[in-house]
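This report concerns only the one structure given below.
The values are calculated or read from the model by the stated rules, or taken from the named source; none is laboratory data. As the structure is a computational prediction, the values presented were derived from the model and not from experiment. Cβ placement follows ideal geometry from the backbone for every residue including glycine, while neighbour counts extend to all protein chains displayed. Heads up: the accessible areas ignore ligands, DNA and RNA and are worked out on the full protein's heavy atoms, side chains in. Shrake-Rupley method; radii C 1.70, N 1.55, O 1.52, S 1.80 Å.
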Amino acid sequence: MRTEEKPSGSTLHVTVMGSSQVGKSALAVRYLTKRFIGEYRSDSDMLYKCVLQLDGIPQPVEIMDTSASCEESSDAHLQWADAFVVVYSITDKDSFQWAASTIQELQERRPSARVLLLGNKSDLGHLREVEEVEASTLALRYSTHFSELSTAESCEAVTDALDAYLKEIKIQRHHSGLSSGNVSPKQRKLSVTRMLGSLIGRHSPPPQPITELIVLDKEERSKLVRCSRQI
């Protein structure tokens with residue numbers, strides 16, 4: 001009988017940010033189609049709650065679609081999120097400048113948080129105001145992830161980009177838990193055993209050849225001489 005998988009780990013909190021008319025709400029809805037299990041509206045913000053399959057394991061995720069800029073957000077609002085998705089439109093230069101200033105602000109206020117820069121409306125290339133190389137240079141400068149897509153054209157592109165992003169966040173949180181000592185005694189014992197084995201193997205001196213002294217009496221020496229002459 002098949003048993004239902006239980007959600008793994010604590011909830012991942014993701015905030016989607018962007019100026020008006022860039023398609024950030026469409027991004028969230030596209031990604032969460034047939035996935036979300038609840039929503040909660042607070043003023044102009046929308047919180048989506050869902051359970052996603054990441055590498056076949058159920059993972060609770062909450063995605064906040066907010067209209068507030070980074071400068072307008074409270075510290076509590078910013079500290080809530082494990083990661084941020086900053087959206088701009090490739091057809092709107094001002095939205096890209098907004099995204100750039102938001103990423104800079106996040107770098108100062110949440111330096112350890114993961115950030116994904118998304119250029120939306122890639123299907124409107126004839127109206128492009130932001131070159132892809134310009135956005136990729138910004139992402140490289142702040143060590144953020146970057147992708148261009150179109151929420152109007154491909155739901156698959158949205159799913160692939162955000163799935164890969166959420167998997168990295170989950171891995172980062174797992175590694176952070178290990179480095180902070182949040183591991184079971186069994187895991188800690190295995191880690192210490194492996195570390196000691198590595199150190200012993202690394203620092204052990206190479207094996208030395210074994211030399212033995214064999215003492216022969218007169219008769220045995222005569223036999224050895226005769227044998228050597230026959231050879």
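Being among the aliphatic types (A, V, I, L, M), within 22 Å of the chain's Cα centre (by Cα) and either at pLDDT below 70 or more than 16 Å from VAL85 (Cβ to Cβ) (or both) is the requirement here; does VAL51 meet it?
Here the answer is yes, as VAL51 does meet what is asked.
Could you please find all residues in segment 87-112 being among the small types (Gly, Ala, Ser), surrounded by fewer than 18 Cβ atoms within 10 Å (Cβ to Cβ) and closer than 23 Å to ALA164 by Cβ?
Matches in segment 87-112: SER112 only.
How many residues, within segment 113-124, are over 15 Å from SER143 (Cβ atoms), open to solvent by less than 10 Å² (accessible area, probe 1.4 Å) and free of Cβ contacts under 8 Å to residues at least 40 places away in the same chain?
1
Could you figure out which of (1) under 20 Å from TYR165 (Cα atoms); (2) open to solvent by less than 10 Å² (accessible area, probe 1.4 Å); (3) at pLDDT 95 or above isn't true of THR137?
For THR137, the exception is condition (2).
Kindly indicate which of SER67, SER25, SER10 is surrounded by 11 or more Cβ atoms within 10 Å (Cβ to Cβ), modelled with pLDDT of 80 or more and assigned to a loop (DSSP other than H, G, I, E, B).
When all the criteria are applied, what remains is SER10.
What residue, of CYS155, CYS227, is at pLDDT 55 or above and loosely packed, with under 10 Cβ neighbours inside 10 Å?
Selected residue: CYS227, the only one of CYS155, CYS227 that is at pLDDT 55 or above and loosely packed, with under 10 Cβ neighbours inside 10 Å.
Pick out, from segment 85-180, the helices (runs of 4 or more DSSP H) lying fully within it that include 2 or more residues that are closer than 18 Å to GLN21 by Cα.
Per the criteria, 93-109.
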